[in-house]
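First up is the structure itself, then whatever we jot down about it.
Derivation of every value follows stated rules applied to the coordinates shown; laboratory data play no part. Since the structure is predicted, the reported quantities are computational estimates derived from the model, not experimental observations. Backbone-built Cβ (ideal geometry, glycine too); neighbour counts: all protein chains shown.
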Amino acid sequence: MNNTLKIAAIAAFSTLLAACTTQSPTVSEIDPSLSLSDRAYSIKTQQACEAESGTWRKVGRLQAFACVLPTADAGKACTDSSECQVGCIVEEHVEPGTKVVGQCMSSTHRFGCNTMVTNGVVEGTLCID
């Protein structure tokens, strides 16, 4: 193999090798126009989560890591999820169809069972694994 061909082969191999290296994740600015839940689900690193005052933790049946963000309106009285950053729930067991005043969820963590309130009426309980 002549020197020109060797140099070209080394250059091509170096280029391919450089393309295979991974970059360290950086904290990117989270789009403030997204809903709080969408912002939480768009965060893919612990560093970015903590920069948004979130908690990086395992969630759901699969125990995958996700960012859980706190809500500013946690515990506020509500009659519909449109009045809350994440959702309007009732904590105690109440029959579906009952008129109630609920409270805004405390975080973007939706796993487990939550009884939603819509237009001041209890909906069915939704369980998310």
* **For the stretch 24-128, convex hull volume per residue from C-alpha positions, Å³** => 91
* Least to most buried among S53, S42 (fewest other Cβ within 10 Å first) -> S53, S42
* Within-15-Å neighbourhood charge of V101 [Cβ basis; K, R +1; D, E -1] -> -4
* Would you order L69, L126, L36, L62 from fewest to most other beta-carbon atoms within 10 Å of each residue's own beta-carbon? => L62, L126, L36, L69
* Structure fact -> the stretch 24-128: relative contact order from alpha carbon pairs under 8 Å, six or more residues apart, as a whole percent, is 22
* **Integer Hz, Karplus 6.51/-1.76/1.60 couplings in order for the stretch 114-129, x for Gly and Pro** => 10, 9, 7, 10, 10, 6, x, 10, 5, 8, x, 7, 10, 10, 10, 8
* Structure fact -> Distance in Å, no decimals, from the C-alpha centre of the stretch 64-129 to the one of the stretch 37-56 is 21
* Please order R57, R39 by the number of other Cβ within 10 Å, starting at the fewest. => R57, R39
* For C78, distant residues with modelled amide H under 5 Å away -> G102, Q103, C104
* Asked: Amide H to amide H, which residues 5 or more places from G87 or on other chains are under 5 Å from it, using H placed in the peptide plane?
  -> M105
